[in-house]
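Following: one structure in structure tokens, then a few remarks.
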Protein chains: 2
Amino acid sequence: MNITPIADYHGPLTAKFGLPRQSGLAGSLDGRIVFRPEFRNPDALRGLSGEDGFDRIWLIWGFSEVPESKAWQPTVRPPRLGGNVRMGVFATRSPFRPNRLGLSCVKILSVAPDGSEIRVAGADLMDGTPVYDIKPYVVYADCFPEAATGFAAGAPQPRLKVEWETASPLSPEDTAALEEILALDPRPAYQDEPGKRYGMAFGAYDVAFTVADGTLTIKTIGKKI
Amino acid sequence: MNITPIADYHGPLTAKFGLPRQSGLAGSLDGRIVFRPEFRNPDALRGLSGEDGFDRIWLIWGFSEVPESKAWQPTVRPPRLGGNVRMGVFATRSPFRPNRLGLSCVKILSVAPDGSEIRVAGADLMDGTPVYDIKPYVVYADCFPEAATGFAAGAPQPRLKVEWETASPLSPEDTAALEEILALDPRPAYQDEPGKRYGMAFGAYDVAFTVADGTLTIKTIGKKI
């Protein structure tokens, strides 16, 4: 089956490094789902927001960073398990899967009256990610609080304290979102090299930080050249 | 993007008529997700079931009954609203959408040790539906009990009493599943013609029933010829 993007996601994370590893982990992270011209129609969003609307939507999107030519492997190593235990690909949300589809539940912040975009919070998507479908979140069909969730039980908790060695040039909202992401520890699993300098893109900025003794220190943040 | 089925769903509902209108509504309805040969691999399911496994999975599947040539419309008329109110397609789970992808959360009953199939309960899929992806259900990322869900708030309740004028030739489990489906009232929205005879396919059987005064009566059930 051939599927075609209806929209593109735009957010501050322009590279894979730093991406939350599941939706909802960085609830302050704002982004926009911008409809492509042929799917831009306020009627198509009627009933989604407003008084009798929905709080949340599902996004079915494409792991566009995984090359289409890459062969799928039956097992993957979830970062959650430290990156050294193999699990079946269908027991994980790994990007390296037969059809490179992602699934994320995000919060609706607002819907543009002209139908051009939906502002959302909590997406685990990279800037530029193609979106193939949007569906309303329906509690009776989608919400199972008692479901056993194997190795993914319990949300990953923020595990680093974030400190600034420089003033934040970002808005208070963006500062909060960046701190949330960094507190989750974006370093590769089991990488702990005190003093090592990491770089991360955030919106128009490049962020450099180090991690030692449970504290992440933002060393510099400057506009990309 | 081109996506290719990894599996096919097999269940007793071989036609659209009678299909539950969301997953989970007919919890007794059993089905099998049968992997296609190139995706049949027990390793790909490692960690999905068993002691440290998951209770539920997401299926991303194709509305294969909707012709690819059918143009999408910005609004649809959800059966839930009686079929006479128009809502934006992205505020509904309607099959008539730009990319004909469906999303359903089903319960895992068992996983075949040879990786050939997963037995599931509660699917709202027609027999023969292509499945494009399977992901584990993760409570912290997928479960939002407080989310407002607009016109879809509250699960549709069984609204008909089901009676048999003939003995059920089905197993007790299949009898229960059939009764669950019929109690949900499979008739088109707002159709109420006492005495009208409806036919429905269920596995190898054809079922004929009438509805009057809140009671659905199974008149005949016989093997398909």
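Going by neighbour counts of Cβ atoms within 10 Å, the residues B:Ser94, B:Ser168 line up, fewest first, as B:Ser168, B:Ser94. Between the Cα long axis of helix A:172-183 and the first principal axis of chain A there is an angle of about 60°, rounded to the nearest 10. Using a Gaussian network model on chain B with a 10 Å cutoff between Cα atoms, which of B:Gly203, B:Gly27, B:Gly83 fluctuates the most? The residue that fluctuates most here is B:Gly83.
Pick from A:Gly102, A:Gly115, A:Gly31: which residue has the top mean-square fluctuation in a GNM of chain A where Cα pairs under 10 Å get a spring? Fluctuation is largest for A:Gly115.
Label points for A:Phe17 are taken 7 Å from Cα along Cα→Cβ. From this copy to the others they lie 6.1 nm apart, shortest first.
Contact order, relative form, for region B:100-183: 18 percent (alpha carbon pairs under 8 Å, 6 or more residues apart, mean separation divided by residue count). Backbone amide hydrogens, once placed in the peptide plane, bring A:Leu216 within less than 5 Å of A:Lys161, A:Val162, A:Glu163, excluding anything fewer than 5 places away on its chain. In this assembly of identical copies, the label point of A:Tyr140 (Cα plus 7 Å along Cα-to-Cβ) is separated from its counterparts by 3.0 nm, sorted shortest first.
Sequentially through region A:68-79, phi angles give Karplus couplings (6.51, -1.76, 1.60; θ = phi - 60°) of 4, 6, 5, 6, 7, 10, x, 10, 9, 10, x, x Hz, Gly and Pro residues having no value and appearing as x. Which of the three applies to chain B, rounded, prolate or oblate, going by the alpha-carbon gyration tensor with a ≥ b ≥ c and a/c under 1.5 meaning rounded? Oblate is the answer for chain B, as a/c is 1.5 or above yet b/c matches or exceeds a/b. GNM, chain A, Cα, under 10 Å: largest mean-square fluctuation among A:Arg32, A:Arg197, A:Arg21? Of A:Arg32, A:Arg197, A:Arg21, the most mobile in the Gaussian network model is A:Arg197. Taking the fewest neighbouring Cβ atoms within 10 Å as the starting point, the ordered list for A:Leu170, B:Leu59 is A:Leu170, B:Leu59. Label-point spacing for A:Glu163 across the identical copies (point 7 Å from Cα in the Cβ direction), in nm and ascending order: 7.8.
Electrostatic tally near A:Lys107: other residues with Cβ closer than 9 Å to its Cβ, Lys and Arg +1, Asp and Glu -1, net 0.
Shielding by partners for peptide A:4-13, expressed as the average number of C-beta atoms from other protein chains within 10 Å of each residue's C-beta, is 1.
Label region B:116-194 by shape, choosing from rounded, prolate and oblate, from the square roots a ≥ b ≥ c of the eigenvalues of the Cα gyration tensor; if a/c is under 1.5 it is rounded, and otherwise prolate applies when a/b is larger than b/c, oblate when it is not. Oblate, because a/c is 1.5 or more while a/b does not exceed b/c. Would the protein assembly as shown count as rounded, prolate or oblate if I go by the C-alpha gyration tensor, calling it rounded below 1.5 in a/c and otherwise prolate when a/b exceeds b/c, oblate otherwise? In terms of gyration-tensor shape, prolate.
All of the numbers you see were taken from the coordinates with simple rules; none came from a lab. Small disclaimer: the values here were computed from a predicted structure and weren't measured. Heads up, the Cβs are rebuilt from the backbone with ideal geometry, glycines too, and the neighbour counts pull from every protein chain shown.
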